[in-house]
Each structure stands twice: as C-alpha cells, then as structure tokens.
Amino acid sequence: MRSDEIKQGPRRAPHRSLLRALGVSDAEMTRPFIGVANSFSEVVPGHLHLRQVVDAVKAGVRMGGGTPFEFGVLGICDGIAMNHEGMLYSLPSRELVADSVESMAKGHAFDALVLVPCCDKIVPGMLMAAMRLNIPAVMVGGGPMLAGRRGGRPVDLNTVFEGVGRHMAGELDDEGLEAIECAACPTCGSCSGMFTANSMNCLAEVLGLALPGNGTVPAVYVERLRLAKEAGMAVMDVLSRDLKPRDIVTDAVIGNALALDASLGCSTNTVLHLAAIATEAGLDFPLRRINDVAARVPHLCKLAPASDVHVEDLYHAGGIQALMRRLIDAGLMDGSARTVAAATQSEAVAEATVVDDEVIRPFDRPHHAT
C-alpha cells in the first residue's frame, strides 16, 4: 500500500504516533488510507450540504474495508463572485483546488481518493488533481439544485439575471424582482440549469470517474446519499484492481466527453476544463476536434438557460445514463471505455432507458442536427 510509507516499520513510529493522536486504531492502521476531499462551505449553495454527503462517503469506505481521512478544499461560488473584483479569482481558484488535493494526497501518502466537489471550478480542479496524481479515485458531486416555481412556471438563477435586466428597463418593479429573487434558488446544490457545474458533473460520468447518476440525482434527494455511500465502496474496488485515472481517461474517452457535451448543449466553459483535464492526463486536445465531434453529434437535450427544462427533469427522463446509452447504441460514443462503475461504459448504462422523449429527444427529432 502507498500508505505503508507513513505507517510501516520502526522508522515510522513517529508517524504512527501522530496517527494515533487522530484516534486511529490498530485495526484501522492495517487498512488502506483513503483521502476524502471535502469542499464543504457555508458560502457556496452547492457545497452547503457536503458534510452529509461526505459522511455517507466515509461510511461507504468503512463498509469496503478502508480507513477514511476527510480534508478540506476551498471553493468559490461563481455566482456570488460575479460582477465585482471577486470574479478575477474564480478561474485561478481551479488551480488552487488541484494543487491542494495533490498536496494533501502526496503529503499523507493516501492509497486512493474520493473527491467531493459540486460547483464550477471545484469539479474540474479535483478531476485535474486525480489525473495528475494518478492514484485510484472516484468522484461524487453534491448534486443539482431543484428549480424554483413562480406563477406556475419554473424559475432559476438565470431568471434572476433576466429580472435585473427587466428592472433596469422599467418593466419590473422592486417587489417583482424580490419575488423572483426569493423563489429562484429553493434548495442547496449546484444551480439547476446546464451551467458549468452541472455540465462538469455530467461529464464526470462519461469520463468514467463518477458513478451513474452523479450528474443528475438532485442534491436534496436521499438517493444522493446512497450514491455517496456507493462511491465510498467503489473506491475500495478500484483500489483493489489498481485502476487509476489515466487507465480510464484515454483519448477515446475525451472524444466521448465531447460527444456528450454536444448532445447536452453543455456550458462552453467545458472546453477550458476538458482541455486542462486532458493535459493533466498527458493527452493532446486539438481544438479542431470539438468541431469535428459537434458536426456529427446532434443536439438532443435542451436545458435551462436555453429552455424551461432543468437538470431534475433530465434525471426523471432517465439521466445521463439513458443519454449515454442512446449515443453508444448509435455508434457516437465508445462503449468499451473503462469506468469506476463497471468494466465498460456499455455495461454501466445497460439498464438505462429514456422515459421522456421530449427531454432526451430521439435522433430523428433533435433540437439541432449538429
């Protein structure tokens, strides 16, 4: 085990003494040490509930025979950081996230990692760290926020931005804007449309580093806690197989991610993040490839902010798993790719079905042909 570096032999007596000061028992000392990167924060809605998610992860690790060690990771809310000096700090914080996970994993000789992010720069930052470290790792995000309701229609953060514009134009009074403001973000979780956070949480599934459901199970559903427990157990399985991130994220898998991106209509920021993840994996990322993939993959899902359909609707329609199966069956995605969930992506999504052809459209009725 990698953690033997800090717990085996007479020369590691000081290290063991410090571990005992943490309450680590003799039995726990013999088990794999699993780092659990928790980006909990009381200032980011997508991260407010991550203590509970991480508790479930740690339960899963223990069920699988590991010893979990939780550590903290910073996270900036892109929405709160917007439109003032704080916006200059958001994208650079991605590198701080990657560096901090790398530093903690190396400094404490973890055998494997469970990564628990949720929002815009934290998800790619943790995935970059996983590629850089190349030790067994599983990611489980905090899940998407539910959309709000006002006047019988769904509303979300984008509705508030639009409301500000209407207010500036004199089309909406103070009370009307406040009503939208109070309705738009009703739960914890990443903002409810296909913005950067949810885009990256969905892409984590096709990258093979997250379990099915990671991108779409809502933050407030107890299924998210079951998924977190399963992620904790899954990391013990990938550790036993010594299945590492660079074994999973290959050139073909980057192509799969671009195909899913095109079919979902993801945030354009995914280009920044997929390029960084591929670079950490030692893979080329020619920009021309984006257009090549987009030219042959139809746009099947049209989510907010481009419509009134939200990530919770995609979940109820069958989730990313159903969309992936549709793309695999059509030969637009490589189903032989490896994943932390199963031997291949085809196996991971074999039971998935589309249950709403309006949310996940068939190929003969796409929103856009390319």
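The values are calculated or read from the model by the stated rules, or taken from the named source; none is laboratory data. From a predicted model like this one, the values you see are computed outputs, not experimental measurements. Using ideal geometry, Cβ is built from the backbone for each residue, glycine included, and neighbour counts are taken over all protein chains shown. Just so you know, the surface numbers come from the protein's heavy atoms only, side chains and all, with ligands and any DNA or RNA stripped out. Shrake-Rupley method; radii C 1.70, N 1.55, O 1.52, S 1.80 Å.
Scanning segment 305-336 for residues that are more than 18 Å from the chain's Cα centre (by Cα), crowded, with 23+ Cβ neighbours inside 10 Å and assigned to a loop (DSSP other than H, G, I, E, B) gives a single hit, 333.
Confirm whether residue 74 is farther than 25 Å from residue 138 by Cβ and either modelled with pLDDT of 95 or more or of a type in the set (Ser, Thr, Tyr) (or both). In short, no. Pairing each residue of segment 18-36 that is without any contact (Cβ under 8 Å) to a residue 12 or more places away in the chain with any residue that is assigned to a loop (DSSP other than H, G, I, E, B), provided the two are 6+ apart or on different chains, yields C-beta distances under 9 Å for 30/7. Could you check how many residues of segment 56-97 are free of Cβ contacts under 8 Å to residues at least 40 places away in the same chain, closer than 27 Å to residue 229 by Cβ and part of a helix (DSSP H, G or I)? Result for segment 56-97: 0.
Every condition in (1) surrounded by 20 or more Cβ atoms within 10 Å (Cβ to Cβ); (2) part of a helix (DSSP H, G or I) is met by residue 279 except one, and the failing one is (1). Report yes if residue 3 is hydroxyl-bearing (Ser, Thr, Tyr) and not in a helix (DSSP H, G or I), otherwise no. In short, no. For segment 143-161, filtered to residues that are part of a helix (DSSP H, G or I) and either over 28 Å from residue 117 (Cβ atoms) or among the aliphatic types (A, V, I, L, M) (or both), the residue that is most open to solvent (accessible area, probe 1.4 Å) is 157.
Filtering segment 180-198 to residues that are of a type in the set (Gly, Ala, Ser), crowded, with 23+ Cβ neighbours inside 10 Å and either free of Cβ contacts under 8 Å to residues at least 60 places away in the same chain or in a loop (DSSP other than H, G, I, E, B) (or both) leaves 184, 189, 192, 193. Quick check: is even one residue across segment 240-251 over 30 Å from residue 1 (Cα atoms) and open to solvent by less than 40 Å² (accessible area, probe 1.4 Å)? Checking segment 240-251: not a single residue is over 30 Å from residue 1 (Cα atoms) and open to solvent by less than 40 Å² (accessible area, probe 1.4 Å). Of the residues examined, residue 357 is not one that is at pLDDT 95 or above, over 29 Å from residue 146 (Cβ atoms) and open to solvent by 50 Å² or more (accessible area, probe 1.4 Å). Looking across segment 22-46, the residues that are outside any loop (DSSP other than H, G, I, E, B) and of a type outside the set (A, V, I, L, M, F, W, C) come down to 26, 28, 35, 38. Of all the listed residues (258, 243), the sole one being touching a residue at least 12 places away in the same chain (Cβ under 8 Å), part of a helix (DSSP H, G or I) and either more than 24 Å from residue 311 (Cα to Cα) or aliphatic (A, V, I, L, M) (or both) is 258. Scanning segment 199-225 for residues that are in contact with a His (Cβ under 9 Å, 6 or more places away or on another chain) and part of a helix (DSSP H, G or I) yields 199, 200, 203, 224. Taking the criterion of being modelled with pLDDT of 95 or more and part of a loop (DSSP other than H, G, I, E, B), would at least one residue in segment 10-21 satisfy it? Checking segment 10-21: not a single residue is modelled with pLDDT of 95 or more and part of a loop (DSSP other than H, G, I, E, B).
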